[in-house]
Amino acid sequence: MNQHLVKLCVGVDSAEHLGALQAARMVQRQAAGERDNPFHVTRMRPRRGADILSGGSLYWVIKGAILVRQQIIALEPVIGDDGIRRCRMVLGHQLVRTEVQPRRPFQGWRYLSASDAPSDLIPRADGKGLPPEMEAALRKLGAW
């Protein structure tokens, strides 16, 4: 069974902003000769790691709503500068837009079952529709 994680994306204003930050870090890592995949380091390693690595994603909460997800491709142990063991969640390069799903603030990450995860957003062929940020605001107000 696929298991996902959900995490607040603090300091990021939009999915495009997250993509730009990750692209800039990718260029820095490539210049340093390091692996260029985006990653997130967290204190706790998920206990359901096998389920996460069988197709799970990290769903990013941006400005109070899940807007995008990235596939989790590896969970690696790392030791921080402070000597504390941590977990590096190595992510895929692609940011996949999802249906907007409001979320309240929380600390750390949380498990997200496949049945509770928002569906991937299928772009309309005519290019019309509400901008994701506006849709998120409408959902937050309860108007959607």
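The values are calculated or read from the model by the stated rules, or taken from the named source; none is laboratory data. All of these numbers come straight from a predicted model, not from anything done at the bench. Reconstructed Cβ throughout: ideal geometry from the backbone, glycine too, with neighbour counts over all protein chains shown.
For the range 40-144, give me every one of the strands (runs of 3 or more DSSP E) that falls completely inside it and has 1 or more residues that are under 25 Å from Leu21 (Cβ atoms), at pLDDT 95 or above and among the acidic types (Asp, Glu). Strands (runs of 3 or more DSSP E) meeting the threshold: 65-79. Do we find that Ile52 is surrounded by 11 or more Cβ atoms within 10 Å (Cβ to Cβ) and either without any contact (Cβ under 8 Å) to a residue 60 or more places away in the chain or among the basic types (Lys, Arg) (or both) in this structure? It is true that Ile52 is surrounded by 11 or more Cβ atoms within 10 Å (Cβ to Cβ) and either without any contact (Cβ under 8 Å) to a residue 60 or more places away in the chain or among the basic types (Lys, Arg) (or both). Kindly check whether there is at least one residue in the range 24-41 that is at positive phi, out of contact with any Pro (no Cβ under 8 Å at 6 or more places or on another chain), free of Cβ contacts under 8 Å to residues at least 60 places away in the same chain and not polar (S, T, N, Q). Checking the range 24-41: at least one residue is at positive phi, out of contact with any Pro (no Cβ under 8 Å at 6 or more places or on another chain), free of Cβ contacts under 8 Å to residues at least 60 places away in the same chain and not polar (S, T, N, Q). If the condition is being aliphatic (A, V, I, L, M) and in a loop (DSSP other than H, G, I, E, B), then the range 1-39 contributes Met1, Val10, Val12, Ala32. The number of residues in the range 77-105 being within 24 Å of Gly55 (Cα to Cα) and of a type outside the set (S, T, N, Q) comes to 17. Here is the figure for the range 25-64: residues that are of a type in the set (Asp, Glu) and closer than 16 Å to Gly92 by Cβ total 1.
May I ask you to say which residue of Val96, Val78 is under 21 Å from Ser119 (Cα atoms), without any contact (Cβ under 8 Å) to a residue 40 or more places away in the chain and surrounded by fewer than 17 Cβ atoms within 10 Å (Cβ to Cβ)?
On the way: Val78 fails: under 21 Å from Ser119 (Cα atoms).
It is Val96.
Taking residues in the range 108-119 that are free of Cβ contacts under 8 Å to residues at least 24 places away in the same chain, and partners anywhere that are assigned to a strand (DSSP E or B) and of a type in the set (D, E, K, R), the pairs with Cβ atoms closer than 6 Å and at least 6 places apart or on different chains are Ser119/Glu99. For the range 53-63, the criterion of being under 20 Å from Ser115 (Cβ atoms) and over 15 Å from the mean Cα position of the chain (by Cα) is satisfied by at least one residue.
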